[in-house]
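Worksheet: one structure, shown below.
The values are calculated or read from the model by the stated rules, or taken from the named source; none is laboratory data. Bear in mind that the values here come from a model prediction, so they are computed numbers and not experimental data. FYI the Cβ positions are ideal-geometry reconstructions off the backbone, even for glycines, and counts take in every protein chain you see. With ligands, DNA and RNA removed, areas are computed over all heavy atoms of the protein, side chains included. Shrake-Rupley method; radii C 1.70, N 1.55, O 1.52, S 1.80 Å.
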Amino acid sequence: MSKGNLRREVKRATQQGLDLLFPPQCAGCKRNGHVLCPACSAAIQPLALPYCRRCGIPMAAGDPCRQCSFRIPALSGVRAYSHFGEPLRSCIYSLKYEGNTRLAQPLGLFLAQAYLYYALQADVIIAVPLDDKRQEQRGYNHAYLLAKVCAAQVHLPLYSTMLVRHRTTVAQVELSASQRHQNVAGAFRCTPAFTTRALLGRRILIIDDVCTTGATLEACAAPLFAAGAREVWALVLARPSSE
Ligand SMILES: [Zn+2]
Ligand SMILES: [Zn+2]
């Protein structure tokens, strides 16, 4: 058995043991048996057409997009898999704050489905970085776990060190739209390995859990464009519509 196979085999056996000790509970309905049960999985439906070609918000066909007329996004486009409703909201919460990292698998597959559905074309995938303090507290970056599953599924390289958050920002939840943009502006930079030439002409896809105002994703896109990226797209699980 190769080293890789052995590692996978050990991981699988360990997971089986853990499942026996702590049976997985569905993050949506709390029933035992699955991290996300088939009924809850089926309840997380893809967004219906039509949507704004730029920011990805669902809207009536032919209408100008209110979000984009208010602020022209720097991103090439944002796409979301679903609405920010239940049971997806609980799943995201559980993945992000309750250490339920196994949810990254089913949720990451939703992102891969959306990547294909929207016919996105990227050369590389990255995740929105957490700042060091938050990463240390949680022990993982939920966006990176989602990006890992999605990248493997659509056969794209995943870069974990392209972008760093070099400034701590306050949580966006309590802030207004313009405060959010101010809060994260300039918070991200490319690492030295990804200089101008490294990103020249590349199409980059950034993964995150949700996109509310797009402020964080816009702040991520700025240094990537500055380093020569041709397109920077964002793909998220959900777009909350309460703005
Ligand atoms: Zn369920
Ligand atoms: Zn729009």
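Exactly one condition in (1) open to solvent by 30 Å² or more (accessible area, probe 1.4 Å); (2) at pLDDT 95 or above is false for Gly99; which is it? Tallying (1) open to solvent by 30 Å² or more (accessible area, probe 1.4 Å); (2) at pLDDT 95 or above, Gly99 fails exactly one: (2).
Of the residues that make up the range 23-42, is at least one of a type in the set (Gly, Ala, Ser), on the phi > 0 side of the Ramachandran plot, away from ligand 1 (no atom under 16 Å from the Cβ) and open to solvent by 30 Å² or more (accessible area, probe 1.4 Å)? No, the range 23-42 has no match at all. Number of residues in the range 59-95 that are away from ligand 1 (no atom under 16 Å from the Cβ), in contact (Cβ under 8 Å) with a residue 60 or more places away in the chain and either of a type in the set (Ser, Thr, Tyr) or open to solvent by less than 40 Å² (accessible area, probe 1.4 Å) (or both): the value is 8.
Of all the listed residues (Leu20, Leu49), the sole one being surrounded by fewer than 16 Cβ atoms within 10 Å (Cβ to Cβ) and part of a loop (DSSP other than H, G, I, E, B) is Leu49.
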